Every structure is written in structure tokens, then in C-alpha cells.
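Everything on this sheet refers to the single structure shown next.
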Amino acid sequence: MFIAQRTNNMRIIVFISFCLFLLSSCVVIGLTNDYGKLNRERRQLINPLVNFDKTKPGNIYIVNAAQIKENIINYPKAIVYVFSVGCSHHEDVPLSVFENFAERNKFRLYLVLTGYSELEKVLDQEINSPLYSIDNKYYKTRLRHLYERYFTNELTGKPLKAKYSEREHFGSIYFFENGQLVKVLNELPE
């Protein structure tokens, strides 16, 4: 009996050791903006927004919703697409589809990343629009699920810390006309 109990204890210890080894080798993505996981070359592409008129394709500009809303006023129609790289729903539609839709329908387009995990999937796409990313420091949190909610709340005119359940609109594509939010969709209209 003593040998059987000792064997079970050894199995438990080996199992726990194996689990700890697996957990220590895992990299968690998506909890924060994952900026710290980028190499130096990719970090150089990311800069604070100074002026929307001086943005360039291939670069990523750190913004908050107030800055976007202030700029949207300058255009009769605008689309803000807030997306996460690595989210299968967002990867189904290439960013060029948003560009083509915006150009065809005369919308000003803002492509806003929620973070930098799997950034290569975005940078490998051939697009002519600059990219933006949510400024987590402005929202005073490192947690992606919080700063993304705060950003979309501010974009839609809700109190910053309002819960998702308090929203009238759900989706990731925000349509504006003359600076006013007119609808929120999950897919581009036909």
C-alpha cells in the first residue's frame, strides 16, 4: 500500500511539473496591446498621431476616439473600423475591401487596431490607408478589453465606462455622417 501511494504521489508531482513547464513556455497574447512583444523594426512603425493630414500608409498612429471624432467632422461621411488581428471574424475580410467600399461610397476611412498581436497579418496586406491603434495610456489601462470598450464608448458618445450591455449599437464598423454616428454594423452593406 505504501508503494502504491508513493507511485500515485510521484505521478501527481510529474503531472504538476509538466503543467508548470507548459505554462511557463506559453506566450499570452491579447491581454494587453502586445507592444512589448514587437521587434524594434515594428515598433518604429508606431507613432503618436500628430496630424491626420500627415499620416502615411504603412505606419500606425496611436489615437483616441476624441481625436477621431474631431477629425470626422471634416468629412461628410466616415467609417471607423475597429478590429483585432487574430480574431477570425475580422480576418475573413481583407482591409482592401474596406478601402474599396470607402472609396466607392466616398467615405473617409479609419482602420483602428485594438492591439499589435499578429501584426504581420495586417502589414502583409496591400493597403493604401494608414493604420491607427487605440491609445491605451489615454484610457489609463493596459487591459485590452477595457481600453477597447472605453474607446468604442467614447466613439459612440456613451459614458467612458459604460458596460457593453448599455449600448444601443453593437458591431465593429461605425458609420458617421456630418460627424454624427448613424449606424454600427458587423459587416459592410452590399
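The values are calculated or read from the model by the stated rules, or taken from the named source; none is laboratory data. Predicted model only: the values in this text are computed from it and were never measured. When we count neighbours, we look across all protein chains shown, and the Cβ atoms used for this are built from the backbone with ideal geometry, even at glycine.
Would you mind stating whether ASN136 is under 25 Å from ARG43 (Cβ atoms), in contact (Cβ under 8 Å) with a residue 12 or more places away in the chain, surrounded by fewer than 19 Cβ atoms within 10 Å (Cβ to Cβ) and not basic (Lys, Arg)? For ASN136, the condition - under 25 Å from ARG43 (Cβ atoms), in contact (Cβ under 8 Å) with a residue 12 or more places away in the chain, surrounded by fewer than 19 Cβ atoms within 10 Å (Cβ to Cβ) and not basic (Lys, Arg) - is not met. The single condition from (1) at pLDDT below 95; (2) over 18 Å from the mean Cα position of the chain (by Cα); (3) assigned to a loop (DSSP other than H, G, I, E, B) that VAL28 fails is (2).
Considered as a group, the residues in region 112-128 that are of a type in the set (S, T, N, Q) and surrounded by 18 or more Cβ atoms within 10 Å (Cβ to Cβ) include one that is farthest from SER172 (Cα to Cα), and that residue is SER117.
Within region 115-127, the set of residues being in contact (Cβ under 8 Å) with a residue 40 or more places away in the chain and closer than 22 Å to ASN100 by Cα comprises LEU119, LEU123, ILE127. Restricting attention to region 92-114, which residues are free of Cβ contacts under 8 Å to residues at least 40 places away in the same chain and either within 18 Å of LEU49 (Cα to Cα) or of a type in the set (D, E, K, R) (or both)? ASP92, GLU99, GLU103, ARG104, LYS106, ARG108, LEU109, LEU111 - these are the residues of region 92-114 that are free of Cβ contacts under 8 Å to residues at least 40 places away in the same chain and either within 18 Å of LEU49 (Cα to Cα) or of a type in the set (D, E, K, R) (or both). Checking each residue in region 139-168 for being without any contact (Cβ under 8 Å) to a residue 60 or more places away in the chain and among the basic types (Lys, Arg) picks out LYS140, ARG149, LYS158, LYS161, LYS163, ARG167. Of all the residues in region 158-190, those that are surrounded by 11 or more Cβ atoms within 10 Å (Cβ to Cβ), of a type in the set (Gly, Ala, Ser) and farther than 25 Å from TYR116 by Cβ number 2.
Within the bounds of region 93-111, is there any residue that is surrounded by 19 or more Cβ atoms within 10 Å (Cβ to Cβ), assigned to a strand (DSSP E or B) and touching a Ser or Thr at 6+ places or on another chain (Cβ under 6 Å)? Looking for residues that are surrounded by 19 or more Cβ atoms within 10 Å (Cβ to Cβ), assigned to a strand (DSSP E or B) and touching a Ser or Thr at 6+ places or on another chain (Cβ under 6 Å), one finds at least one in region 93-111, hence yes.
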